[in-house]
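The values are calculated or read from the model by the stated rules, or taken from the named source; none is laboratory data. Because the structure is a prediction, the values reported are computed rather than measured. Neighbour counts are summed over all protein chains in view; Cβ atoms, including those assigned to glycine, are modelled from backbone coordinates with ideal geometry. Surface accessibility is based on the protein's heavy atoms, side chains included, excluding ligands, DNA and RNA. Shrake-Rupley method; radii C 1.70, N 1.55, O 1.52, S 1.80 Å.
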Amino acid sequence: MKHKIAPSLLAADFLNLQKEVEMINNSEADWLHMDIMDGVFVPNISFGFPVLDAVKPILKKPMDVHLMIVEPQKFVKEVAAAGAYMMNVHYEACTHLHRTIGAIKEAGMKAAVTLNPHTPISLLEDIIQDLDMVLLMSVNPGFGGQRFIEYSVNKTARLKEMIREKGLDTLIEVDGGVNLDTGKRLVDAGADVLVAGSFVFSSPDPIRTIKELKDM
Ligand code: DX5
Ligand code: ZN
């Protein structure tokens, strides 16, 4: 299966969100990635549900919502109401992860667990069969435009192997520092979905950059 591209709205021009969403609609992007930060789980605050609600009626692609917040289980209803296709919660933020995954699915969304760069994939051993996707952070979450952590390529390959060994079809998404070089190596290692923020939105021709990320 061809890999998917999910541009991250965090790097968009917030004064022209409608134009940016229309660009995504007209591009080969598969999903739109939305980063919600609370200033507690990560040292930054991005945007919240009003922005998701505003984007929902004009967005023609599935919304991939990445919650970098403590206690994400409290907001399953809001994320579903905002029209999310995929809800990503951090492993490090969920004490009762199995219950949270169940609640996400019951709300009609696909469920994904996100791992910080330091969190080993072995911790997924007893939950991965319940997940639609694992999101590997290839930077420390909180900011766009950071440098790619090289070890993420190896981590992607090992996660792919775990998924294969178990006979599952869990997707692997990778987020942070993705460009044509890191993106190609991640896809070769087994990544199914690549998030790209600054590489897409700071490009002079984002539609073309998305196409290049699709075609590599
Ligand atoms: C970082 C966010 C990312 C971010 C990626 O905490 O989760 O989705 O937008 O940005 P780039 O692609 O610029 O590293
Ligand atoms: Zn993200």
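Of the residues in the stretch 17-40, how many are more than 10 Å from ligand 1 (Cβ to nearest atom) and either at pLDDT below 95 or not hydrophobic (A, V, I, L, M, F, W, C) (or both)? Give the derivation first.
Start the filter on the stretch 17-40 by keeping residues that are more than 10 Å from ligand 1 (Cβ to nearest atom), which leaves 17-32, 38-40.
Of the ones still in play, those that are also either at pLDDT below 95 or not hydrophobic (A, V, I, L, M, F, W, C) (or both) are 18-20, 22, 25-28, 30, 38-39.
Going through the stretch 17-40 one residue at a time, the tally reaches 11.
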Among what's in the stretch 1-16 and is in contact (Cβ under 8 Å) with a residue 24 or more places away in the chain and more than 15 Å from ligand 1 (Cβ to nearest atom), pick the residue that is surrounded by the fewest Cβ atoms within 10 Å (Cβ to Cβ). 1
Taking only the stretch 19-46 into account, find how many residues are of a type outside the set (D, E, K, R), touching a residue at least 12 places away in the same chain (Cβ under 8 Å), in contact with a strand residue (DSSP E or B) (Cβ under 7 Å, 6 or more places away or on another chain) and not in a strand (DSSP E or B). 7
Does any residue of the stretch 73-81 turn out to be open to solvent by 10 Å² or more (accessible area, probe 1.4 Å) and within 24 Å of residue 191 (Cβ to Cβ)? no
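Is it true that residue 65 is touching a residue at least 24 places away in the same chain (Cβ under 8 Å), on the phi < 0 side of the Ramachandran plot, open to solvent by less than 10 Å² (accessible area, probe 1.4 Å) and not in a helix (DSSP H, G or I)?
Working: touching a residue at least 24 places away in the same chain (Cβ under 8 Å): yes; on the phi < 0 side of the Ramachandran plot: yes; open to solvent by less than 10 Å² (accessible area, probe 1.4 Å): yes; not in a helix (DSSP H, G or I): yes.
Yes, satisfied.
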Suppose the filter is within 26 Å of residue 166 (Cβ to Cβ), among the basic types (Lys, Arg) and either more than 16 Å from ligand 1 (Cβ to nearest atom) or within 17 Å of the chain's Cα centre (by Cα) (or both); does residue 77 pass it? no
For the stretch 102-154, enumerate the residues that are in a helix (DSSP H, G or I), more than 16 Å from the chain's Cα centre (by Cα) and closer than 25 Å to residue 80 by Cβ. 102, 103, 105, 106, 124, 128, 129, 130
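Being touching an Asp or Glu at 6+ places or on another chain (Cβ under 8 Å) and surrounded by fewer than 21 Cβ atoms within 10 Å (Cβ to Cβ) is the requirement here; does residue 194 meet it?
no
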Only one of (1) surrounded by 22 or more Cβ atoms within 10 Å (Cβ to Cβ); (2) within 13 Å of ligand 2 (Cβ to nearest atom); (3) among the β-branched types (Val, Ile, Thr) is not met by residue 113, so which one is it? (2)
Hits in the stretch 17-60 (condition: closer than 17 Å to residue 114 by Cα, open to solvent by less than 30 Å² (accessible area, probe 1.4 Å) and of a type in the set (D, E, K, R)): 35
Give 159, 123 a once-over and let me know the one that is over 23 Å from residue 62 (Cα atoms), touching a helix residue (DSSP H, G or I) at 6+ places or on another chain (Cβ under 6 Å) and more than 16 Å from ligand 2 (Cβ to nearest atom). 159
